[in-house]
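S.K.: The structure follows.
Bear in mind these aren't lab numbers, they're just calculated from the coordinates by the rules spelled out. The structure displayed is predicted, hence computed values, not measured ones. Virtual Cβ from ideal backbone geometry, glycine too; neighbours counted across all protein chains shown.
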């Protein structure tokens, strides 16, 4: 049994992670850590765990936890993990960081976009970006995995095949993304009160969202070219789900079928990617690790539109973290992740 | 492997049933029947099943199906099952009817409330009411199980212990129930359009809802007395969940703790009932077979209030149907039903 | 022109009040006060007022305001108004308190339910309960009006006629109430985050909600008898609206039509009460000062069920406050309150 | 008093139109026509009109109506109006068509996108596109106004100033639009059932939505050049509101402030356009005729992003129709349209 710990268990992605791990046949949860609720039962905070995971929440002592856990999941706000993870910890245990601290490989870029100091520069090169569809082999041998951002997951999976094939302009990529409110986390904020989000839609962090450099870096790594994107997130009155609507400009006039073949080439063996003929929508991915992708062509403008839908807390966070863990521990990557979307 | 068929697979409870059975280790789905969509792939109607259950929907031929299936689930509007099920069918296969046709044991009561003829009177006595917490032994040996109504499940589980103990007035029971919109099914109806249900709440079928005689009959059977209830359903702008708020008048002034002990007495070994100290709410049961119950006393009026929360499509329909199947086939009743509620 | 000030303008009821007064032909807004946002433009907090009410929010100085305003609306948390309002203020201006401090006429009852000290005992007798349908004459001559609670408004209007006529048992009144999330206000609270309220329903403050003694006191005043109620509020995933479902036990078996005649007797001339034959629902009252009431009888149990629907921020708060102001200033009570409900 | 008739009064835009006209001081409603509900009271279909507009719905006889009405509003599915409106009708009355039949000035384009025959070709040149911010003078003298589509209104208002100034590429315009479910109308359709729309987001009619040629034609008329857009609508789980997120490519690197000055130049005197510094969102326009516009520049890609928010049933349909009527009858264009957005 893999002994797993979650630091930051009472945030939304921590809770979803606990739910997946609780039913993972190869995993034993040895520690749930929460700064805000330590000493309380996890099932008193998330009552859906009543009778299932009645574990007491601990204060964080990462050194101690690293000795008893085979893997530590960090589900923390950015800026904390970079100060906590070090060589000693990684000698004891594997680490999967659901936060942003080890996603960018350039300290300056991180500090510019996140406006905080990075304390773990020496680990930036070692950390592996945990997007299994494009990084499987590296993840397999990693000690430290940087789990991708939710928007980044949906965006990269939608764009990477065409960039990799070199058939779209790398500086003409427009990503209009829409997220449910869980993406904003469980912190207290007037903007995420029910009555402030319900019955409205808005863009936010226009031209300044922190997943922008992450998407550009990874797409650049995959396609070996500089990538420049327009990324705009929007807040949608629903709990879960991200839809990325991506507008791409091909460098000649391709047939839609040829475009679709490219996606099949890269994704046909990927268990969590479903290529759809009809429009992707978030509901079919809710509570699952799937990324549903559909591809269209506007025959008038020649532009290609790709829509990718994920559950932001699953493939966009905790599901993908478990997928990474499975790979790091040589399990079938689908283990504990074969749900059918909850609908209706 | 138990060979299972679902007749009425493309309604909401049919779809949830398919999702549970698809992951049931002892079950093989041999037939999905749909009148509206026969010939199409099930996964083209419910795209969450893409890659999971890409079965073609069949036209209904219950005789043929009864020969190849060990159990048939009927998820049909009322008035159909009573004409379809007969001795021949039951000699071939077990039947679990999610509809209303075999719940009431009196033909006249059925015809009065449902305003349609009943064609299977001879089976009314044989049919077993499939509420495992109160009818386990009978279910075990049943050929024909009448799966309880969603409101009836939440209501009966909330009231039965106190009635059985004889400490509340059986004609002073007020049940104010609230349901998500899936309870209205997938049929076309202006009243269930998004914009007609969203941002509003209303009562409906006041003093005339068909679960009323069902609740009274079963509570009467359990407590051996005539029971008369006030039952009022309300429609809530959410997809899933039922909350029953029950107001009971005790025949003397009991301590809350003594009342709670009664619930423990009847439910402590029931795997799907959770007795809570805080208010029950539907979110903790979503996508699970749990019925969460919390008990309060108003020290000023001496009245007892019981709140029970279920997922109307799980414990209120398809989850309970699988629980019944498990019992009928001598499996652990929890098999395939141990989900953690999807939250957030 | 009536010069009006709002103290607590940036809470939800303050904002709705400002919207009504901004279009009231007899009113000029002279001051908007906000503790949290003073110095900012009101239209920067509530951007729907952009170009309409670009007033700077002031710090509170009630003495000064009382000198320039003909009427002060207080929209504050309980426990504050009782310390602020005094004889000097009331000599300068009329006061309409949307909070709870002057609703109960007994200091001890207030302090027991609100768990805070009351500082304005001497004004408890003078304050008039601002429910115009039952208190019109007193409101007309009041200096200090206690605007009713939202739940209290819906509940009292539903029950009062039958109690007044003496045909129901005054200690067998069950009120199961449902409210949208605006009822919880704009304060920061994990329980009112979008993802915590959406897709669920729950009861709260069972047998302990503070509107209970208010409802009992006013119904007692109206019917000259002791009244004892069971009151249970529930939280519904929608912004606005309250539905009160009331269960009443008549002291003999009345015809439904006779019951309906009683409601007509008391309400036929009340401009904001609509007696409906079909089920009341909150959507038809949204953004209006209407209270829609529908009356049913369960012929089996003889019980009478009354459903009343209001917009909690209109008839349940700010609309009713303006109705009271209209009456206090000898205007037509409908002035500025003749909206048609926003639908869909 | 202007005598007004609505043909198609029981659709969503018909109902909102009736609400506006009912409170318009210069208008008397002389006829409400409904094919589906004729003979019933309008207030029995939309119960928010109870006590306000208890008019009987008539069958359609446009000739008769044209004799008694000064203006007829048509709120019908496309393909009907083109056969109904003719010279005789227009000699009797003014017509404002909320449908699509007279928006495109080319019969072939209409028939290609709408896949139905057009019967009123002779009126295509006479019909005036009713977007007052760009067509005020023509509307003033029109007999037949084609009221703009909801998406078209939000899109054109967002893009027109920069196109008119010639500073963006006219074939590099990407419009990613999001609409609430009222946009789909009140027809029976599984896709707009509550449980099918709630908690999900999807694109639809990708590269094929019928507002595409309308937007291109009008933008072309305004800027005297060929315009080619990518237009993608999405369905959002809310009742009302459209947000258009527009991505524009300037032909050189402009300062954001200069861009904003251009919007001020064209819109500073337009009463229903508000230029915001922060992100536009639909909630501040709900129930109003405002179009809120905010402008951003991505300094990395040089692209300009414009966000425009409207209430699809107000500025996107019925509010704009009344604005057009006001102009056609020489009233202040703001008459009856000065609401403050309903929030929360």
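S.K.: I need the P(r) histogram for region C:77-127: all alpha carbon pairs, bin width 5 Å from 0 out to the longest distance, whole percents.
M.R.: Histogram of Cα-Cα distances, whole percents per bin: 4, 23, 36, 25, 9, 4, 0.
S.K.: Percent of Cα-Cα pairs more than 44 Å apart in the protein assembly as shown, please.
M.R.: Here the long-distance tail beyond 44 Å is 45 percent of all Cα pairs in the protein assembly as shown.
S.K.: Who wins for biggest fluctuation among B:297, B:164, B:115 in a Gaussian network model of chain B, springs between alpha carbons below 10 Å?
M.R.: B:115
S.K.: Then there's this: Run the numbers on chain B and let me know its relative contact order in percent, using alpha-carbon pairs under 8 Å that are six or more apart. Before the final figure, lay out each step's value.
M.R.: Details: 748 pairs, mean separation 58.2, N = 344.
Relative contact order, chain B: 17 percent.
S.K.: Which residue fluctuates most in the GNM of chain B (Cα springs below 10 Å): B:96, B:304, B:45?
M.R.: Its mean-square fluctuation being the largest, the pick is B:45.
S.K.: Kindly express, to the nearest 10 degrees and within the range 0 to 90, the angle between helix C:256-267's C-alpha long axis and the longest C-alpha principal axis of chain C.
M.R.: Taking the Cα atoms of chain C, the angle to C:256-267 is about 30 degrees.
S.K.: Give me the percent relative contact order of region C:206-320, please, defined on Cα pairs under 8 angstrom at least 6 residues apart.
M.R.: It rounds to 27 percent for region C:206-320.
S.K.: So in region A:1-117, what percent of DSSP beta bridges are antiparallel if you round to the nearest 5?
M.R.: Bridges in region A:1-117 that DSSP calls antiparallel: roughly 5 percent.
S.K.: Now for a separate question. Between residue D:106 and residue D:334, what is the label-point separation in nm under the 7 Å Cα-to-beta-carbon projection?
M.R.: Between residue D:334 and residue D:106, the simple spin-label model gives 3.9 nm.
S.K.: Could you tell me how many degrees, from 0 to 90 and to the nearest 10, lie between the Cα long axis of helix A:211-223 and the main elongation axis, the longest principal axis, of the Cα atoms of chain A?
M.R.: Once rounded, the angle reads 70 degrees.
S.K.: Here's another thing I want to ask about it. If N is the number of residues in region D:117-269, what value comes out of its Cα radius of gyration divided by 2.2 N^0.38 Å?
M.R.: Computed over Cα atoms of region D:117-269, the ratio equals 1.15.
S.K.: Continuing with this model, one more query. To make sure I understand, if each residue's beta carbon is the centre and we count other beta carbons within 10 Å, what order do C:299, D:192, C:116, A:335 fall in, fewest to most? Mind dumping the intermediate values first?
M.R.: Numbers: C:299 11, D:192 22, C:116 14, A:335 17.
So the ranking, lowest neighbour count to highest, is C:299, C:116, A:335, D:192.
S.K.: Sticking with this structure for a sec: Which distances, in nm and shortest first, link the residue A:251 label point to the same label point in every other copy, taking 7 Å along Cα→Cβ?
M.R.: Output for residue A:251: 2.6, 8.7, 9.1 nm, nearest copy listed first.
S.K.: Using the number of other C-beta atoms within 10 angstrom as an exposure proxy, rank A:214, A:279 with the fewest first.
M.R.: In increasing order of surrounding Cβ atoms, one gets A:279, A:214.
S.K.: Looking down the axis that turns A into D, which residue of A has the closest beta carbon, and how many Å out?
M.R.: That would be A:176, 2.
S.K.: Just grab the label-to-label distance for residue C:59 and residue B:165, each label 7 Å out from Cα along the Cβ direction, in nm (one decimal).
M.R.: 5.9
S.K.: Cα centroids of region B:1-60 and region B:274-303: how far apart, whole angstrom?
M.R.: Distance between centres, Cα-based: 33 Å.
S.K.: Please determine, in degrees from 0 to 90 and to the nearest 10, the orientation of helix A:150-164 with respect to the longest principal axis defined by the Cα atoms of chain A, where the helix direction is its Cα long axis.
M.R.: Its long axis makes an angle of about 40 degrees.
S.K.: Evaluated at 10 °C with a viscosity of 1.306 mPa s, what Stokes-Einstein diffusion coefficient in µm²/s does region C:236-332 have when Rh comes from the Kirkwood expression over alpha-carbon pairs?
M.R.: D = 109 µm²/s.
S.K.: How do B:141, B:24, D:23, C:211 rank when sorted from fewest to most other Cβ atoms within 10 Å of their own Cβ?
M.R.: In order of increasing Cβ crowding within 10 Å: B:141, D:23, B:24, C:211.
S.K.: Going out from 0 in 10 Å bins, what whole percent of all Cα-Cα distances in chain C drops into each bin?
M.R.: Computed distribution, short to long bins: 6, 26, 35, 24, 8, 1, 0.
S.K.: Nearest 0.05, what FRET efficiency do residue A:251 and residue A:204 give at R0 = 41 Å with Cβ-Cβ as r?
M.R.: According to the calculation, E is roughly 0.80.
S.K.: Another question, then. Where does chain D land at 222 nm, in deg cm²/dmol rounded to the nearest 500, when only DSSP H runs of n ≥ 4 count, each adding -39500 (n - 2.57), divided by all residues? Could the numbers behind the result be given before it?
M.R.: Details: 13 runs with 107 residues, N = 344.
Here the helix-only value at 222 nm equals -8500 deg cm²/dmol.
S.K.: What FRET efficiency comes out for residue B:35 versus residue B:88 if R0 is 22 angstrom and r is the Cβ-Cβ distance? Round to the nearest 0.05. Present the calculation step by step, with values, prior to reporting the outcome.
M.R.: Values: r = 22 Å, r/R0 = 0.98.
Efficiency, from the Cβ-Cβ distance: 0.55.
S.K.: Quick one: work out the % antiparallel among DSSP beta bridges in the protein assembly as shown, nearest 5.
M.R.: Of the beta bridges lying entirely in the protein assembly as shown, close to 45 percent run antiparallel.
S.K.: Taking 0.36 nm per residue of separation and subtracting the Cα-Cα distance, what length does fully extending residue A:265 through residue A:191 add?
M.R.: 22.4 nm
S.K.: What residue among B:325, B:305, B:238 shows peak mean-square fluctuation when chain B is described by a Gaussian network model with Cα springs under 10 Å?
M.R.: Between B:325, B:305, B:238, it is B:238 that shows the largest mean-square fluctuation.
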